[in-house]
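What follows is a short report on a single structure.
Laboratory data are not the source of any read-out in this text; all were calculated from the coordinates shown. In this text the structure is predicted, and so the values were computed from the model without any measurement. Every residue, glycine as well, gets a Cβ built from its backbone with ideal geometry; the counts of neighbours run over all protein chains shown.
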Amino acid sequence: MNPISVKNLTKTFPTPVGSLEILAGINAEVEPGGNLAVVGPSGSGKSTFLHIIGTLDHPSAGVVSVLGENPFELAEAKLAEFRNQNIGFVFQDHHLLPQLTACENVVIPAVAQGKVSESHRNRAISLLQRVGLGDRGDHRPAQLSGGERQRVAVARALMNQPSILLADEPTGSLDRANAESIGQLLLDLQSQDDVTLVCVTHNDDLAQRFDHKVRLEQGQFVELK
Ligand code: ADP
Ligand code: MG
């Protein structure tokens, strides 16, 4: 069973001038512990695709299976729990809470599962160590650089030991050197933890380092070498 399996996925959005077909019959499989980079022009539907496999949005038609389940059959509360336990997200903007420390931000996904324990805090600190910020746990986002904030966001995405990690232009707000190191960090974590990684990116250098690459064009995936 592949953790991500998409068959004939379509997504249309209603607009005042009729419906807009953004995804037009996408097929994709990502194997356990595998990785996939999705490139394509702005507005081509990359985020829409990522949101659907991340269970944040519903398909219009087609079959989407995440870890062997059809998540869209789950009731809202169950779906939120499924997402929280199995999928980690990294977005272009870090979305850290400014009033919390780096360590507290990393712990957030565990809060949904009940009371935060000492072991949660220890895990957050060890994740911060893994992303190279072991000595920054007490810093607030304003006291960190852009690259460091994104590292905290990566640590937060891994807090609940998800088996799927989804990243939407994770290097889009970073300078070249930071983009390079965040991209490599995601790939290193994917291979070390056997996490399945899907990454939307505009960064061709980053996409080239993935085992599988597709370009989203007119609602379809075109495989890239
Ligand atoms: P990308 O991430 O590749 O830049 P998106 O997936 O964000 O593209 O958007 C693809 C297209 O779908 C865009 O034209 C966008 O305007 C449209 N779109 C996205 N979300 C909605 C929505 N909720 N309602 C209507 N149109 C939308
Ligand atoms: Mg996008």
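Worth a mention:
- Ordering of 164-170, 142-148 by packing is 164-170, 142-148, highest average first (other Cβ atoms within 10 Å, averaged per residue).
- Coarse-grained scattering of the chain at q = 0.16, 0.17 Å⁻¹, given as base-10 log I(q)/I(0) from a Debye sum over alpha-carbon atoms: -1.11, -1.23
- Other-chain or far-sequence residues with amide H under 5 Å of Gln220's (modelled H): Ala24
- Lysines whose Cα lies under 17 Å from that of Lys11, excluding same-chain neighbours fewer than 8 positions away: Lys46
- Here the peptides 79-85, 182-188, 112-118 are ranked by packing, the mean other Cβ count within 10 Å, and the order with the highest first is 182-188, 79-85, 112-118.
- Karplus-derived 3J(HN,Hα) values for segment 40-55, using 6.51 cos²θ - 1.76 cosθ + 1.60 with θ = phi - 60°, are x, x, 4, x, 7, x, 4, 5, 4, 4, 5, 5, 6, 5, x, 6 Hz; glycine and proline are entered as x.
- Using θ = phi - 60° in the Karplus curve 6.51 cos²θ - 1.76 cosθ + 1.60, the 3J(HN,Hα) couplings for segment 189-195 round to 5, 4, 6, 5, 9, 6, 8 Hz; x is entered for Gly and Pro.
- Neighbourhood net charge (12 Å Cβ-Cβ; Lys/Arg +1, Asp/Glu -1) for Glu31: -3
- Relative to the dominant Cα principal axis of the chain, helix 146-157 is inclined by about 80°.
- The phi torsions of segment 23-38, fed into the Karplus equation with coefficients 6.51, -1.76 and 1.60 and a -60° offset, translate into couplings of 10, 10, x, 8, 10, 7, 10, 10, 7, x, x, x, 9, 9, 9, 10 Hz, rounded to whole numbers, with Gly and Pro shown as x.
- Long-range HN-HN contacts of Ala167 with modeled amide H, under 5 Å: Val90, Val198, Cys199, Val200
- Averaged over residues, the count of other Cβ atoms within 10 Å places the peptides 29-38, 67-76 in the sequence 29-38, 67-76, highest first.
- Amide H contacts of Asp57 (H built 1.01 Å from N, under 5 Å, at least 5 apart or other chain): Ile52
- Secondary-structure-derived ellipticity at 222 nm for the chain, considering helices only, amounts to -10500 deg cm²/dmol, per-run term -39500 (n - 2.57) for DSSP H runs with n ≥ 4.
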